[in-house]
Amino acid sequence: MDAVKTSLDIKEYPDTEVQKNRILTLEEWQEKWVERKIAFHQEQGHQLLKKYLDTFLKGESGLRVFFPLCGKAVEMKWFADRGHSVVGVEISELGIREFFMEQNLSYSEEPIMEIPGAKVFKSSLGNISLYCCSLFDLPRANIGKFDRIWDRRALIAINPGDRKRYADIMLSLMRKGVQYLLSVLSYDPTKHGGPPFYVSDAEIERLFGSVCNHRCLEKVEVFEEQQKSWGIDYLVEKLYLLTEK
């Protein structure tokens with residue numbers, strides 16, 4: 001008997017240009033937090049990260065871990081509790097304050113002199129620093145380089161026209177021996193305009209392939225009832241590990 005074909009077997013969608021002109025502004029992202037349209041937040045943390053955490057950390061201690069578009073991701077506390085130093089960037093001040101409140105962490109805040117209007121929020125222990133600004137302004141703050149990057153569907157939230165700029169920033173933040181864990185979603189982009197945006201394997205190669213090898217660790221069907229309103233009938237999460245060539 002033939003095996004049943006599932007969404008995990010669906011090949012990459014060939015037309016990567018279909019969403020290229022779609023734009024969401026920073027103000028619209030901030031409004032999502034105010035209006036509580038934050039279905040992307042996972043209260044129990046990211047289960048695939050939990051599964052591959054040992055693979056990601058490789059038993060190393062005292063790592064610097066970067067969270068692009070961090071929101072209030074509970075995984076930031078996971079890393080800090082294991083003795084690592086966490087740096088995140090998030091445009092929503094509301095999201096950052098909620099992280100510290102929900103994790104019962106005291107914190108301080110101060111302006112970032114290099115970025116007018118921006119702030120950095122730091123845990124009292126000094127092991128979590130969250131920058132409230134546009135990711136594209138962040139390099140001006142000279143935040144240093146990182147041993148690990150956990151891209152928890154950040155790449156797929158970036159406007160397609162900004163992906164190259166985004167990838168260049170990620171590459172500039174990488175220390176030698178970096179491990180970059182990347183979560184993307186696969187679906188038919190002709191049926192949903194995004195975000196989250198569709199990112200193909202070929203696009204990952206285009207953005208990072210000059211510096212990094214990438215391999216898919218796992219594919220998981222994550223379609224839920226709420227996604228029916230997007231007009232799609234399947235949604236697959238893919239977890240990639242990017243390492244230096």
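The 3J(HN,Hα) values that the Karplus relation (6.51, -1.76, 1.60; θ = phi - 60°) gives for region 224-231 are, in residue order, 10, 3, 5, 6, 4, 5, 6, x Hz. Gly and Pro appear as x. Charges were assigned to the Cβ only: +1 to each Lys and Arg, -1 to each Asp and Glu. The resulting dipole of region 62-156 about its Cα centre is roughly 240 debye. The length gained by stretching the chain between GLN226 and GLU17 to full extension, at 0.36 nm per residue less their Cα-Cα distance, is 72.7 nm. Go ahead and set up a Gaussian network model of the chain, Cα springs under 10 Å, then flag whichever of PHE100, PHE121, PHE223 fluctuates most. Checking each option, the largest mean-square fluctuation is seen for PHE223. Backbone geometry of region 154-159 corresponds, through the Karplus equation with coefficients 6.51, -1.76 and 1.60 at θ = phi - 60°, to 3J(HN,Hα) couplings of 6, 4, 7, 9, 6, 4 Hz, x marking Gly and Pro. Using Cβ point charges alone (K and R +1, D and E -1), the dipole size of region 123-220 about the Cα centre works out to roughly 200 debye.
About its Cα centre, the chain has a charge dipole of approximately 620 debye under the convention of +1 per Lys or Arg Cβ and -1 per Asp or Glu Cβ, with nothing else charged.
Here the accessible area of the chain is 50 percent carbon and sulfur, with a 1.4 angstrom probe and all protein chains present. An ellipsoid equivalent to region 66-185, defined through the eigenvalues of its Cα gyration tensor, has semi-axes of 21, 17, 14 Å when rounded to whole angstrom and sorted largest first.
Would you work out which of GLY161, PHE223, TYR240 lies farthest towards the positive end of the dipole of the chain? Charges go on Cβ: Lys and Arg +1, Asp and Glu -1. Result: TYR240.
For region 109-148, applying the loop criterion from DSSP together with a ceiling of 15 other beta carbons within 10 Å to the trypsin sites (Lys or Arg not before Pro) yields LYS145.
The values are calculated or read from the model by the stated rules, or taken from the named source; none is laboratory data. Keep in mind the model is a prediction, meaning the values are calculated, not measured. No Cβ is skipped: glycine too gets one built from the backbone with ideal geometry, and neighbour counts run over all protein chains shown. Ligands, DNA and RNA are excluded from the accessible area calculation, which covers all protein heavy atoms including side chains. Shrake-Rupley method; radii C 1.70, N 1.55, O 1.52, S 1.80 Å.
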